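To start, the structure under review is shown below, and the notes come after it.
The values are calculated or read from the model by the stated rules, or taken from the named source; none is laboratory data. All values derive from a computational prediction rather than experimental measurement. When we count neighbours, we look across all protein chains shown, and the Cβ atoms used for this are built from the backbone with ideal geometry, even at glycine.
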Amino acid sequence: MYARDIMSPGFHTLSPSNTIAEAVSQFHVASLEEGKKIFGLMVIDENDRLVGMISIYDILLFVQPKHIHVWSEIEDLEAQALFGELLDRVKSVQVSDIMTTNVVTVKPQTHVMVIADLMIKRHIRRVPVVEGTNLVGIVYISDLFNHLLQKFM
Amino acid sequence: MPVAFSRDILQGLLVEEAMRRQVLRAPHDASLGNCVNQLIKFKANSLLIGDETGCPVGVISKTDIVGAFYAGLPVVETLSRDVMNGPPLTCFPDDELGVALDRMRKNGVHQLFVQGAEPCAVVGTLSYGDVVALLYRYCRACPKGAAGRSEAAGIEDRTRFLTVKEAMRTCVISCGPEEALAGVIEKLTANRLGAVLIEDGKGLPVGVISKTDIILAYHHGAGLEVEARSLMKSPAVTCDENSLLTDAIRQMFLKDVQRLFAYGADPSHIVGVLSLADFAQIRSGSCRACMASRMIGSP
């Protein structure tokens, strides 16, 4: 079984110049249209080449205050209002500013056990499938898990 | 002959109590675009640059990237090794915080890298913000301090506590909204500032431009001719110069800013600026008892 057998050939993407607000909106749309929770999206340039990935973890990391350990000791916080202010200040930030650029990819003919090994060792949950310079799909850890279970159990 | 010594609240506190364990690194052949990406993503002031073996050879800070922008270097093609400064300034986990602060002040840097036992091992970073966070936590735990009391509970005797006025700088550098980015960078560099206030024609504060905003603009491909108004964060985060220092520090942490602009009797007129670096350097908690405990005497 190979990447091409379990990958999702239809996927949502972002542009590097999208704002973080647009990315959040796209996560919502992708989850609705793909019928499952989407936690990471691929970022492609104007030539449809993969240039990065962004996950909800990246966005959460960015919007959380730098000295979060001080927050944890303050009980009388109006967290909602403060977070609103913080989010307001990050509107000008683009996807390219916080995306991961060093992306691990596989080929369509990469074996699923190799992909499983990559995901475990590199702590990644989704891997883009690239053929030459073309992005052809994405393998989610949930799909990999389900296929392996069906095969061996 | 008696030997003078100084005492302050940082006495006995070590770097390891305030430092961050996360060290952001980039290879010496990383593009400036990648460096900006790391600095923005992790809200850091500088990156440790390593050679082929990963051994630290230099540092690249927001100031260096602003300089590259001003010099017209391309953000994608320029490599970190072409812009970095070296070698990294370091301290050790068991150094006294006061010694580390002296080192930062003397060298004009906002961050030190914490050296581990091995020659190439860097185990953390220490910034002014980290020192202030530690001081603030001590203040909150102190039964005599104002930091641990909620505003609702009230503070009966405000004279016991330090105010923003006593720690702020009164020299505020500002630009007009129509000033070109090149001019803003020149003012930041000439005055060794992290941010500049933007004031309109009537002297009213309308926003702030920091080095973070400038490196973001560089990353987005903006030119040096763009007007300050298109990049500034608005409104500027302000406080009353008579507000308690502890409240101002709390505001900086909660709003995730490194400085507050202070106004006097007229809220539309800025009279000073208080930064995390200023507060770290006074080496005191936020009440007068702490400040008074700083003394010079003989052992």
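Selection of first residues in the stretch A:108-135 that are farther than 20 Å from A:V51 by Cα and of second residues that are part of a loop (DSSP other than H, G, I, E, B) and not small (G, A, S), restricted to Cβ pairs under 7 Å at least 6 apart or on distinct chains, gives the following pairs, ordered by first then second residue: A:V112/A:M1.
Please indicate, with yes or no, whether at least one residue in the stretch B:182-201 is under 26 Å from B:D130 (Cα atoms) and touching a Cys at 6+ places or on another chain (Cβ under 7 Å). Checked against the condition, which is being under 26 Å from B:D130 (Cα atoms) and touching a Cys at 6+ places or on another chain (Cβ under 7 Å), the stretch B:182-201 yields at least one hit. Regarding B:G108, is this residue modelled with pLDDT of 90 or more, small (G, A, S) and out of contact with any Leu (no Cβ under 9 Å at 6 or more places or on another chain)? Against the criterion (modelled with pLDDT of 90 or more, small (G, A, S) and out of contact with any Leu (no Cβ under 9 Å at 6 or more places or on another chain)), B:G108 does not qualify. If you go through the stretch B:257-268 and keep only what is in contact (Cβ under 8 Å) with a residue 40 or more places away in the chain and within 12 Å of chain A (Cβ to nearest Cβ), you end up with just B:Q258.
Within the stretch B:196-234, which residues are in contact with a strand residue (DSSP E or B) (Cβ under 7 Å, 6 or more places away or on another chain), away from every other protein chain (no Cβ under 14 Å) and in a loop (DSSP other than H, G, I, E, B)? B:D200, B:L224, B:E225, listed by residue number. Among the residues of the stretch A:3-16, those that are of a type outside the set (V, I, T) and at pLDDT below 95 comprise A:A3, A:R4, A:D5, A:M7, A:S8, A:P9, A:G10, A:F11, A:H12.
State whether one or more residues within the stretch B:239-246 are closer than 19 Å to B:G183 by Cβ and either assigned to a loop (DSSP other than H, G, I, E, B) or within 14 Å of another protein chain (Cβ to nearest Cβ) (or both). So far as the stretch B:239-246 goes, no, none of its residues is closer than 19 Å to B:G183 by Cβ and either assigned to a loop (DSSP other than H, G, I, E, B) or within 14 Å of another protein chain (Cβ to nearest Cβ) (or both). Flag: B:V109 does not match the condition of being under 19 Å from B:L14 (Cβ atoms), more than 14 Å from chain A (Cβ to nearest Cβ) and either in a loop (DSSP other than H, G, I, E, B) or not acidic (D, E) (or both).
Quickly run through the stretch B:91-108 and pick out the residues that are touching a residue at least 40 places away in the same chain (Cβ under 8 Å) and not aliphatic (A, V, I, L, M). Of everything in the stretch B:91-108, those that are touching a residue at least 40 places away in the same chain (Cβ under 8 Å) and not aliphatic (A, V, I, L, M) turn out to be B:C91, B:F92, B:P93, B:D94, B:D95, B:E96, B:G98, B:R105, B:G108.
With respect to the conditions (1) out of contact with any helix residue (DSSP H, G or I) (no Cβ under 6 Å at 6 or more places or on another chain); (2) of a type outside the set (G, A, S); (3) closer than 27 Å to B:G67 by Cα, B:Y263 lacks only one, and its number is (3).
Screening B:P88, B:P119, B:P74 for residues that are surrounded by 15 or more Cβ atoms within 10 Å (Cβ to Cβ) and either more than 14 Å from chain A (Cβ to nearest Cβ) or part of a loop (DSSP other than H, G, I, E, B) (or both) leaves exactly one candidate, B:P88.
The set of residues from the stretch A:19-30 being surrounded by fewer than 19 Cβ atoms within 10 Å (Cβ to Cβ) and either within 22 Å of A:R49 (Cβ to Cβ) or not polar (S, T, N, Q) (or both) comprises A:T19, A:A21, A:E22, A:V24, A:H28, A:V29.
Matching residues to (1) loosely packed, with under 13 Cβ neighbours inside 10 Å; (2) assigned to a strand (DSSP E or B); (3) on the phi > 0 side of the Ramachandran plot; (4) more than 10 Å from chain B (Cβ to nearest Cβ):
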residue	(1), (2), (3), (4)
A:L87	no, no, no, yes
A:P108	no, no, no, yes
A:A116	no, no, no, yes
A:K121	yes, no, no, yes
A:I124	no, no, no, yes
A:L135	no, yes, no, yes
